[in-house]
Amino acid sequence: MNVDAPLGDFGDVLFYSALAVYILAMLLHAVEHGLLRRAEPAGEAAPAAVPAAVGAGGSDEPGAVGVVPDDPASDDDLVPADAAGPRPPAGRPPRPTSERFGRMGVSLTVLGAGLHLAMLVVRGVAAHRAPWGNMYEFVAAVTLVGVVAWLVVLFRRPELRRLGVFVLLPVILLMFLGGTVLYTQAAPVVPALRSYWLAIHVTAAVISSGILMFAGVASVLYLLRSAHDSSGRMAWTAKLPGAAVLDRVAYRATAVAFPIWTFAVITGAIWAEAAWGRYWGWDPKETTAFIAWVVYAGYLHARSTAGWRGPKAAAVNVVGFAVMSFNLFFVNIVVTGLHSYAGLG
């Protein structure tokens, strides 16, 4: 089947446009983060600031497994640096400058996600297949899922907007690598991938990988915030949400992604039997995927086990994120195996 080359080139334009929009959004979030300041300790802050912030954080629904109780001083312990001082006596108070930058950053992130999605649709139409048949397309799809996961969390918890710069940074780095080192023109996939399993197995891998990327970022930030809370060093981490909030976000994201990753591993084995006559052959890709599955299973178990909650469990989640990154780049590009379909020349 012929490939529509001009349409594929247009998809590349959409990809780089989305990347440019994400970069601008990250810069706006960085400005917002810079304008925030650490709130005063309880009892010393302005009496109206802390209750309003704590009320915005909310609490978890009862009965959630492995949920760390909210820390009243950690969920929303920041106030904008430009929000200090008396409020106007009547009418709606003006938004702080930091919040305006943050909202603009979110708006641009939504715009970038729209361009990002359009790129994948156009790429799929141009190549007449699912648009994740090589590393360039796979990275584009994974980063889109990561951005969407972030926007879903942001819709439910707007006060976590200050994480935007840290979520967009790995997205931008991955997209830059995808658009340069991993770039491949739209083309038909190799015969081994011409199967309906491409739209089942790889789709599950894309969705779970994108969500786990977001969860990994949250766990890294949790460890940094916990280190600050215990030592007082790294003052910039004081502008992050509370450690309990970051831990909870990472846990819930991983809990959502883990069943999808399990489905990806199972469908991969079924596809392997149809393509190669065996369900499992300990190919490097299969082995690394299984190791990642074990690590994330261990994290979910540790996160709900007394004595392992906190930094120990978060470190396990970061290890899982590292294994997924190793699987994505080193195994796909460097190691030779039956899954060597990166599409790189």
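The values are calculated or read from the model by the stated rules, or taken from the named source; none is laboratory data. Not measured: the values here are computed from a predicted model. Because the Cβ atoms are built from the backbone with ideal geometry, glycine has one as well, and the counts that use them run over all protein chains shown.
When the stretch 257-274 is examined, which residues are found to be of a type in the set (Gly, Ala, Ser) and surrounded by 14 or more Cβ atoms within 10 Å (Cβ to Cβ)? Selection gives Ala257, Ala264, Gly268, Ala269, Ala272.
Filtered by the rule that a residue be modelled with pLDDT under 90 and under 19 Å from the mean Cα position of the chain (by Cα), the stretch 1-39 gives a lone residue, His33. If the condition is being farther than 19 Å from Phe15 by Cβ and not in a helix (DSSP H, G or I), then the stretch 121-171 contributes only Arg157. Here Val145, Val153 are screened, and the one residue that is modelled with pLDDT under 95 and either crowded, with 20+ Cβ neighbours inside 10 Å or at negative phi (or both) is Val153. Looking at this structure, is Leu224 closer than 24 Å to Glu159 by Cα, in contact (Cβ under 8 Å) with a residue 40 or more places away in the chain and out of contact with any Phe, Trp or Tyr (no Cβ under 6 Å at 6 or more places or on another chain)? No. Screening the stretch 182-214 for residues that are β-branched (Val, Ile, Thr) and not in a helix (DSSP H, G or I) and picking the one that is nearest to Val245 (Cα to Cα) gives Ile200. When the stretch 110-139 is filtered for residues that are surrounded by fewer than 17 Cβ atoms within 10 Å (Cβ to Cβ) and closer than 19 Å to Arg194 by Cβ, the ones remaining, listed by number, are Val125, His128. For the stretch 89-119, a residue qualifies if it is hydrophobic (A, V, I, L, M, F, W, C) and within 18 Å of the chain's Cα centre (by Cα), and the qualifying residues are Val106, Leu108, Val110, Leu111, Ala113, Leu115, Leu117.
Applying the criterion of being β-branched (Val, Ile, Thr) and surrounded by fewer than 18 Cβ atoms within 10 Å (Cβ to Cβ) to the residues of the stretch 281-318, the residue that is modelled with the lowest pLDDT is Thr305.
Taking Ile172, is it touching a residue at least 24 places away in the same chain (Cβ under 8 Å), crowded, with 24+ Cβ neighbours inside 10 Å and β-branched (Val, Ile, Thr)? Answer is no for this residue.
The single residue among Val265, Val217 that is outside any loop (DSSP other than H, G, I, E, B), within 17 Å of the chain's Cα centre (by Cα) and either within 26 Å of Met135 (Cβ to Cβ) or of a type outside the set (S, T, N, Q) (or both) turns out to be Val217. Residue count for the stretch 132-142, restricted to those that are modelled with pLDDT of 90 or more and not small (Gly, Ala, Ser): 5.
I need every pair where a residue in the stretch 284-298 that is touching a residue at least 12 places away in the same chain (Cβ under 8 Å) has its Cβ under 6 Å from the Cβ of a residue that is outside any helix (DSSP H, G or I), sequence separation at least 6 or different chains. Within 6 Å, the pairs are Pro284/Val335; Pro284/Gly337; Lys285/Gly337; Lys285/His339.
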